[in-house]
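The values are calculated or read from the model by the stated rules, or taken from the named source; none is laboratory data. Since this is a predicted model, take the numbers as computed values, not measurements. Here the Cβ is made from the backbone with ideal geometry for all residues, glycine too, and neighbour counts use every protein chain on show. Side chains are part of the model used for accessible areas, which takes the heavy atoms of the whole protein and leaves out ligands, DNA and RNA. Shrake-Rupley method; radii C 1.70, N 1.55, O 1.52, S 1.80 Å.
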Amino acid sequence: RLAFALRIALARLIASRRSAHAGVLVLDALPFLDASGIASVCAVLRGLTEFRSILLVSHDDRFVDAFDNVVTVVRDEQGSRLETAA
């Protein structure tokens, strides 16, 4: 959770130093979260209004139901493809 908070703080700091609006926040792999941690992360992400878009990359299926837009990368014998769910 601390690493998650630091990532958000760093994104805000970089945006403020450049006097730019950080339109997109990209978070990769938030490991080792229990159910409470997942719920907390989702609540924080929903409350971040300064970012136009938030991209969370995760292998944890527990995040899927928490968001309105989900893109899943599926790999099979033919290669990788994207699946979207609304």
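Quick rundown of the values:
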read-out	value
Any chance Asp28 is open to solvent by less than 100 Å² (accessible area, probe 1.4 Å) and over 16 Å from the mean Cα position of the chain (by Cα)	no
Ala85 vs. criteria surrounded by 10 or more Cβ atoms within 10 Å (Cβ to Cβ), out of contact with any strand residue (DSSP E or B) (no Cβ under 7 Å at 6 or more places or on another chain) and of a type in the set (A, V, I, L, M, F, W, C)	no
Any hit, the range 16-24, residues being among the polar types (S, T, N, Q) and under 18 Å from Phe67 (Cβ atoms)	no
Matching residues in the range 44-82 - criterion: being farther than 19 Å from Ile8 by Cα, part of a helix (DSSP H, G or I) and open to solvent by 70 Å² or more (accessible area, probe 1.4 Å)	Asp61, Arg62, Asp65
